[in-house]
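Beneath this line is the structure, given in structure tokens, with notes to follow.
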Amino acid sequence: RRELFGGRWSLVGIALAGNAPIAHNARCRNPDSTQRSGRTAGMGASIEIRDIAANGMTFRTRVADGGGEPVLLLHGFPETSHMWTDLMPRLADAGYRCIAPDQRGYSPGARPEPVEAYAYGPLASDVFAIADAFGAERFHLVGHDWGALVGWAVVCETQRERVVSYTAMSIPHIIAFAQATYDDAGGDLYRGILQMLLTEGTFEGLIASNPDAFKATWTHSPPEQVDEYLSVLSQPGAMRAAANWYRACDGHRTALAPDAIFGPVTTPTLLIWGKDDPYVRRMSVELAAPYMAGEYRVVELDAGHWLAQEAPDAVAAEVLSHLRGHAI
């Protein structure tokens, strides 16, 4: 996949994101909602798409209801809740109620204009509001890429006790990730992406001039997934909103500020990381340990960044194991 990292479209094709001992392993009620469409996933469970009212906005949300404990799944950049369509039926077949919103900026009804509306705090507040809409007082949380960054904000917020377990995919503790972003001598690739995303209009202009070039990002996604991503990101204001996640946090620098909400995490946490991830390098994983004050396990996969698509069986097995180990 390295050939995608060079050439004319290098910054478009790769744009993304954005002290307990560590164990390393190889390898609700009905919400007030409008059901818009349904599809049968590749396994036994069905996935429905609903419009969910939360936090004064409307979130397009995928739901696979296994009838049991709620699991909220947060997608990353530049994706949508479609990234979870392989995992959700597996979790639902195991009895879990899966809730995967198109997050702020990705849902047409949740696309505020101000940059500051995409800061860590507002993004985390959406998670709790969506949980409330489903009557989920306590819930499990799974996040990938920027969804994982939002997850770290959630488990550091004042309502963090509502999160029974957390699975972060690709992104370790946010302070460690932010520190490594600027301290890792080998991190020029990601820093270059950030520079582009932080410049108002630059990223949006590239996508507008050649949207098909963006397909180089999703090397492991099936065609129907790529089609959805392009459809959503081509909506008016969507690409600016997605880039605003980076601008609101000043390229993750606000996570390092003395008054940031982030600190030690006590929520039982599983980190799934791909050792060949070109954006999230080993330094950030190694720096995370001091910030994990509760149960913490790291699973290192022989994979890159797009874990749900590259290693779906391993991801499903590890997520299910973590959920079952922390019943509500």
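In this structure, Leu230 and Gln195 have a Cβ-Cβ separation that, at R0 = 22 Å, corresponds to a calculated FRET efficiency of about 0.35. Of the beta bridges in the chain, as assigned by DSSP with both residues counted there, near 40 percent are antiparallel.
Given the range 48-170, report the % of alpha carbon pairs whose separation exceeds 21 Å. Above the 21 Å cut-off, the range 48-170 has 28 percent of its Cα pairs.
Taking amide H as placed 1.01 Å from N in the peptide plane, Leu74 has its amide H under 5 Å from the amide H of Val142, Gly143, His144, each at least 5 places away in sequence or on another chain. Across q = 0.17, 0.27 Å⁻¹, the range 213-265 modelled as identical point scatterers on its alpha-carbon atoms has Debye log10 I(q)/I(0) values of -0.71, -1.01, in the order of the q list. Derived scalar couplings between HN and Hα for the range 133-141 equal 4, 9, x, 9, 5, 10, 7, 8, 10 Hz in order, rounded to whole Hz, by the Karplus curve 6.51 cos²θ - 1.76 cosθ + 1.60 (θ = phi - 60°), x for Gly and Pro. Rounded to the nearest Hz, the phi-derived 3J(HN,Hα) couplings of the range 277-287 under the Karplus curve 6.51 cos²θ - 1.76 cosθ + 1.60 (θ = phi - 60°) are 5, x, 9, 10, 8, 4, 4, 5, 5, 5, 6, where x marks glycine and proline. When the helices of the chain are scored as -39500 (n - 2.57) per DSSP H run of n ≥ 4 and the total is divided over every residue, the value at 222 nm lands at -9500 deg cm²/dmol.
Report the percentage of all Cα-Cα pairs in the range 91-236 whose separation exceeds 18 Å, rounded to a whole percent. Every Cα pair in the range 91-236 considered, those over 18 Å come to 67 percent. Of the trypsin sites (Lys or Arg not before Pro) found in the range 69-111, none is in coil by DSSP with at most 15 other Cβ atoms within 10 Å of its Cβ. Modelled label positions at Arg253 and Glu300, each set 7 Å beyond Cα in the direction of Cβ, lie 3.2 nm from each other. Taking the Cα centre of the chain as the origin and placing charges on Cβ (Lys, Arg +1; Asp, Glu -1), which of Trp218, Pro101, Ala238 is farthest toward the positive end of the dipole? Most positive-ward Cα: Pro101. Amide H to amide H distances under 5 Å link Val299 with Asn25, Leu271, Ile272, Trp273, where only residues 5 or more positions off or on other chains count and H is placed in the peptide plane. A simple rule links phi to the HN-Hα coupling: the Karplus curve 6.51 cos²θ - 1.76 cosθ + 1.60 with θ = phi - 60°, which for the range 157-166 gives 6, 5, 8, 4, 5, 6, 8, 7, 8, 10 Hz, with x for Gly and Pro. Computed from the alpha carbon positions, the gyration tensor of the range 247-303 leads to an equivalent ellipsoid with semi-axes of 22, 18, 8 Å, biggest first. Above 39 Å lies some portion of the pair distances; for the chain, what is it as a whole percent of all C-alpha pairs? For the chain, the share of Cα pairs beyond 39 Å comes to 5 percent.
A Cβ-based charge dipole, computed about the Cα centre of the chain with Lys and Arg at +1 and Asp and Glu at -1, lands at about 120 debye.
Among Asp102, Asp227, the order by Cβ neighbours within 10 angstrom, fewest to most, reads Asp227, Asp102.
Each value in this text was obtained by applying a stated rule to the coordinates, not by laboratory testing. Only a predicted model underlies this, so the values are computations on that prediction, with no experimental measurement involved. Cβ coordinates were reconstructed from backbone atoms using ideal geometry, including for glycine residues, and neighbour counts include every protein chain displayed.
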